[in-house]
1. Anything in region 13-34 that is charged (D, E, K, R), surrounded by 14 or more Cβ atoms within 10 Å (Cβ to Cβ) and within 16 Å of Gln85 (Cβ to Cβ)? List them, or say none.
2. Exactly one of these conditions fails for Val33: (1) in contact with an Asp or Glu (Cβ under 8 Å, 6 or more places away or on another chain); (2) of a type in the set (Val, Ile, Thr); (3) without any contact (Cβ under 8 Å) to a residue 24 or more places away in the chain. Give me its number.
3. Taking region 35-52, which residues are surrounded by 13 or more Cβ atoms within 10 Å (Cβ to Cβ) and among the small types (Gly, Ala, Ser)?
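Laboratory data are not the source of any read-out in this text; all were calculated from the coordinates shown. Everything quoted here is computed from the prediction, not taken from an experiment. Methodologically, a virtual Cβ is constructed for each residue, glycine included, from the backbone with ideal geometry; neighbour enumeration extends over all protein chains shown.
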Amino acid sequence: MSAALAITAANFESEVVNSSIPVLVDFWAEWCVPCKMIAPVVSDLAKTYEGRVKVASVDVDAENELASRFDIVSIPTLILFKDGQALRKKLGAVPKHEIEGLFRDLI
């Protein structure tokens, strides 16, 4: 999908909840066309903000438990986590500046 870190139920706690920096999680699926549209943007953000924001992804087909836990009913869904809490959410294939707006004031 992208250069984002793959998140599973097994590593969610260590990579997202216990992260010392904000984490942007992209909930996506391989068959989702809008997900593929924003994949390059998510990958670019992972590189641009490396060390300041962790960018991660959850394949909702493989990780239904996580998708259900965060009430993911539409993909792509982007959720920003800080200090283990879901702070902000964006739905759909939104432009890069809207995604950056989720975390820009936190870094």
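1. Correct list: Glu15 only.
2. Unmet condition: (1).
3. Selection gives Ala39, Ser43, Ala46.
Conditions (1) more than 13 Å from Trp28 (Cα to Cα); (2) exposed (fewer than 15 other Cβ atoms within 10 Å of the Cβ); (3) among the hydroxyl-bearing types (Ser, Thr, Tyr), marked per residue:
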| residue | (1), (2), (3) |
| --- | --- |
| Asp61 | no, yes, no |
| Glu65 | yes, yes, no |
| Ser74 | no, yes, yes |
| Thr77 | no, no, yes |
| Leu80 | yes, no, no |
| Gly84 | yes, yes, no |
| Leu87 | yes, yes, no |
| Glu98 | yes, yes, no |
| Phe103 | yes, no, no |
